[in-house]
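Trainee: Before I ask anything, let me first share the structure, which is written out below as structure tokens.
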Amino acid sequence: MDTPVSYQAVYDISHVIQLSVAPVFLLTSIGTILGVLSTRLARIIDRARALNDKLENAAEVKARLIHEEMHILAQRRHLVNLAITGGTTSALLVCVSIATVFLGAMLKVNVAMAVALMFILSMAAFVAALVFFLREILLAVRSLDLV
């Protein structure tokens, strides 16, 4: 007599797993963007260290140019940090929403509103991360001297 309940429980859990697949793809995308942002941050830091080494022996005119570039690098670093924060926040909200879906299914509680809110906040954080990423790229391109 327990068989129908067992099948229903398995069906419910498999349905919850199916619902969790789409957010997992989103997590993959967010992870990829975070990897790109981390690489950009590392390159900014490496460039700043190289400029700092050059600054010690630079003439006054050259030192001014180095300070200008370091100021731009500081702005870029700030934008990348904001983008990483947005991307990480987005990923965390997706993870919490997946966990909430599972908890709701296990406890037989309606969590639709909470999950929808977390997903909307996650998308807002991801959009913010992409906007900061775009701003950093535009700043990097604008500061490029191709003379």
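The values are calculated or read from the model by the stated rules, or taken from the named source; none is laboratory data. Remember, predicted model here, so these are calculated numbers, not experimental data. Counting neighbours? That spans all protein chains shown, and the Cβs are built from the backbone with ideal geometry, glycine included. Each accessible area value is taken on the protein alone, full model and side chains, heavy atoms only, with ligands, DNA and RNA left out. Shrake-Rupley method; radii C 1.70, N 1.55, O 1.52, S 1.80 Å.
Trainee: Subtract the Cα-Cα distance of residue 144 and residue 60 from 0.36 nm times their separation in residues, and report this length gain in nm to one decimal.
Mentor: Value of the extension gain: 28.1 nm.
Trainee: Can you tell which of 21, 85, 131 lies farthest toward the positive end of the dipole of the chain, using +1 and -1 charges on the Cβ of basic and acidic side chains (Lys, Arg; Asp, Glu)?
Mentor: So the residue we want is 131.
Trainee: Continuing with this model, one more query. Report ³J(HN,Hα) in whole Hz for each residue of region 75-89, in order, from the Karplus equation J = 6.51 cos²θ - 1.76 cosθ + 1.60 where θ = phi - 60°; Gly and Pro get x.
Mentor: The phi angles translate into 5, 4, 4, 4, 5, 5, 4, 5, 5, 5, 4, x, x, 5, 4 Hz.
Trainee: Give a quick list of GluC sites (Glu not before Pro) in region 55-87 that DSSP marks as loop, anything other than H, G, I, E or B, with at most 14 other Cβ atoms within 10 Å.
Mentor: When the GluC sites (Glu not before Pro) of region 55-87 are filtered for loop state and at most 14 Cβ neighbours within 10 Å, 56 remain.
Trainee: Excluding ligands and nucleic acids, what accessible area in Å² is computed for residue 46 using a 1.4 Å probe, to the nearest 10?
Mentor: Taking all protein chains as shown, residue 46 has close to 90 Å².
Trainee: All other residues with a Cβ under 15 Å from the Cβ of residue 64 taken together, and with Lys, Arg as +1 and Asp, Glu as -1, what is their net charge?
Mentor: My count for the surroundings of residue 64 gives -3.
Trainee: In deg cm²/dmol, rounded to 500, what helix-only [θ] at 222 nm does the chain give when every DSSP H run of at least 4 residues adds -39500 (n - 2.57) and the total is split over its residues?
Mentor: -33500 deg cm²/dmol, from helical runs alone.
Trainee: Under the Karplus relation 6.51 cos²θ - 1.76 cosθ + 1.60, θ = phi - 60°, what is the ordered set of whole-Hz ³J(HN,Hα) values for region 101-109, x standing for Gly and Pro?
Mentor: 4, 5, 4, x, 5, 5, 8, 6, 10
Trainee: Using θ = phi - 60° and the Karplus form 6.51 cos²θ - 1.76 cosθ + 1.60, what ³J(HN,Hα) does each residue of region 48-57 get, whole Hz, x for Gly and Pro?
Mentor: Per-residue couplings from phi come out as 5, 5, 5, 5, 4, 5, 5, 5, 4, 10 Hz.
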